[in-house]
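Reading through the structure tokens given below for one structure.
The values are calculated or read from the model by the stated rules, or taken from the named source; none is laboratory data. None of the values given here were measured: they were computed from a predicted structure. Cβ placement follows ideal geometry from the backbone for every residue including glycine, while neighbour counts extend to all protein chains displayed.
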Amino acid sequence: MPEPVTSVTFPPAFLWGAATSAYQIEGAVREDGRTPSIWDTFSHTPGRTAGGETGDIAVDHYHRYRDDVALMAELGLTAYRFSVSWSRVQPTGRGPAVQRGLDFYRRLVDELLAHGIKPALTLYHWDLPQELEDAGGWPQRDTAFRFAEYARLVGEALGDRVEQWITLNEPWCSAFLGYGSGVHAPGRTDPVASLRAAHHLNLAHGLAASALRSVMPARNEIAISLNSSVVRPLSEDPADLAAALRIDDLANGIFHGPMLHGAYPASLLEATSSVTDWSYVHDGDTRTINVPLDALGLNYYTPALVSAAARQTPPGPRADGHGASEHSPWPGADDVRFHQTPGERTEMGWTIDPTGLYDLITRYTREAPGLPLYVTENGAAYDDKPDPDGRVHDPERIAYLHGHLSEVRRAIADGADVRGYYLWSLMDNFEWAYGYGKRFGAVYVDYATLRRTPKSSARWYGEAARTGVLPGVEPRV
Ligand code: PNW
């Protein structure tokens, strides 16, 4: 039996953050020159999101950012991760920057800095300008060059005041949910397009990191946030181990192979050879992608559990938490079966397994020795409701955060260089294909009035941020 944890103390410089993304919170989709992104188009297409919900208003952060920053400060947060909407800055995905678009982010950043909150800026959280999708989107090589140009514009405008930069958020989702299973925008279902998209996202990252480097002060940190899956085999049977390796390559190796090691894993190229010839990988691309990074962001929610299965397994909804689709987001892996990891689950149906976060952190500590790590997303959806007195009590989320932060601390004790943690999410927001039905926030949003109410988890987390020690967890009833 492990010793009960009595007090969990973090290093003094540890960042206690919360994360959001532009389309999920901003609203104001037609203001100040912004044009539609693929998520506007997708969410306005009947049948794509739960209840046809869209980010048109979202939680109106575009108009309420001052109050939102004040709330973060009141809670005690020391860092905030947000994303920039590409189509606010470059409405057609090309050409000069729209000043009004950049100004919004400059005001947001200045407000954060004035409150002593460290901004972490994500350049791309899934909202490609629709015009670039119309020109072929991520499967098209040119999109990577467009992204680097956009990165340079934002780097020039905000590089003097934002130190933490994240090129892409979870390119796996952009490539394989966007172009493979089609449950995310732009909703295409073509395995070759999804692999092309993955490569061009990698290339976009490499080109953008170099562009940022050339226009920003050297002190700034450039990173990427990967939803680096923890993939576990159902058994030690060699067929199950092989299945787990296949999924690990498609979830992780396809990104960190070229980024950290300068090459796609040979096992990935071989396992996908019946789907694609990888001819869109040009000479020199992997060198471009292998640009040195200052840090790595890890997003973690739940592990995957996989086994081998007969090739004739009919396609259908899969127990892998990626949304129901007739189309697999795993090209060339139709013979792999996904299983539900045993244990308690959140409202997303995602099993709660804090040890997965420890495994992930220690894995990247081994794979990228010396590279500082951040947990750039971790959190849980619950069916939160205000009490009659208006308070929102969410002991499940507190237990989730306590469990995962304890594993972060254990990884640090074992030598991992984890510099900070960003709770997903600051406040309830537009949960993509699930609409507003899934609440990930530490702050409750009443969608009728857009009023914000910190849940008990926000107070709990704020105390951790202010003291550097995890407060206790109420006994479960
Ligand atoms: C991440 N999956 O999304 C995103 O970065 C956030 O925008 C999102 O709100 C949050 O996690 C919660 O879902 C994911 O299917 C969506 O594996 C889907 C998956 C992973 C992450």
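List the residue pairs whose Cβ atoms are under 7 Å apart, where the first residue sits in region 261-279 and is without any contact (Cβ under 8 Å) to a residue 60 or more places away in the chain, the second is surrounded by fewer than 17 Cβ atoms within 10 Å (Cβ to Cβ), and the two are 6 or more positions apart or on different chains.
Gly262/Arg287; Leu269/Trp278
Note down all Cβ pairs under 6 Å where the first residue falls in region 357-373 and is over 17 Å from Leu405 (Cα atoms), the second is part of a helix (DSSP H, G or I), and they're at least six residues apart or on different chains.
Ala368/Leu260
Which of the residues spanning region 371-392 are away from the ligand (no atom under 16 Å from the Cβ), surrounded by fewer than 16 Cβ atoms within 10 Å (Cβ to Cβ) and not in a strand (DSSP E or B)?
Lys385, Asp387, Pro388, Asp389, Gly390, Arg391
Among the residues of region 149-160, are any more than 25 Å from Asp67 (Cβ to Cβ) and under 19 Å from the mean Cα position of the chain (by Cα)? Give the steps one after another, and end with the answer.
If we filter region 149-160 for residues that are more than 25 Å from Asp67 (Cβ to Cβ), which is where we start, we get 149-153, 155-156, 159-160.
Checking which are under 19 Å from the mean Cα position of the chain (by Cα) leaves us with 151.
Yes, region 149-160 has at least one match.
Looking at region 388-421 only, could you name the residues that are within 20 Å of the chain's Cα centre (by Cα) and of a type in the set (A, V, I, L, M, F, W, C)?
Leu401, Leu405, Val408, Val418
Need the failing condition index for Tyr400 against (1) closer than 21 Å to Pro12 by Cβ; (2) not in a strand (DSSP E or B), just the number.
(1) is the only condition that Tyr400 fails.
Can you tell me which residue is nearest to Glu163 (Cα to Cα) among those in region 221-236 that are in contact with a helix residue (DSSP H, G or I) (Cβ under 9 Å, 6 or more places away or on another chain) and away from the ligand (no atom under 16 Å from the Cβ)?
Selected residue: Ile222.
From the residues in region 93-128 that are hydroxyl-bearing (Ser, Thr, Tyr) and either closer than 17 Å to Gly420 by Cβ or away from the ligand (no atom under 16 Å from the Cβ) (or both), which one is surrounded by the most Cβ atoms within 10 Å (Cβ to Cβ)?
Taking the candidates together, the pick is Thr122.
Out of all the residues in region 167-187, is one or more more than 14 Å from the ligand (Cβ to nearest atom) and over 18 Å from the mean Cα position of the chain (by Cα)?
yes
From Ala204, Ala218, which residue is away from the ligand (no atom under 16 Å from the Cβ) and buried (at least 23 other Cβ atoms within 10 Å of the Cβ)?
Details: Ala218 fails: buried (at least 23 other Cβ atoms within 10 Å of the Cβ).
Just a single option satisfies the conditions, and that option is Ala204.
Count, please, the residues in region 422-439 that happen to be surrounded by 23 or more Cβ atoms within 10 Å (Cβ to Cβ) and either more than 18 Å from the chain's Cα centre (by Cα) or of a type in the set (D, E, K, R) (or both).
So the count comes out to 2.
Out of Gly136, Gly93, Gly47, Gly116, I need the residue that is assigned to a loop (DSSP other than H, G, I, E, B), over 24 Å from Ser174 (Cβ atoms) and over 21 Å from the mean Cα position of the chain (by Cα). Which one?
After ruling out the rest, the residue left standing is Gly116.
Within region 187-201, does at least one residue satisfy the condition of being charged (D, E, K, R), modelled with pLDDT of 95 or more, out of contact with any Lys or Arg (no Cβ under 7 Å at 6 or more places or on another chain) and assigned to a strand (DSSP E or B)? Can you show your working first?
We begin by selecting, within region 187-201, every residue charged (D, E, K, R); these are 188, 190, 196.
After this cut, where a residue has to be modelled with pLDDT of 95 or more as well, the list is 188, 190, 196.
Those still in the list that are out of contact with any Lys or Arg (no Cβ under 7 Å at 6 or more places or on another chain) too: 188, 190, 196.
Pick out the ones that are also assigned to a strand (DSSP E or B) and you get none.
No: zero hits.
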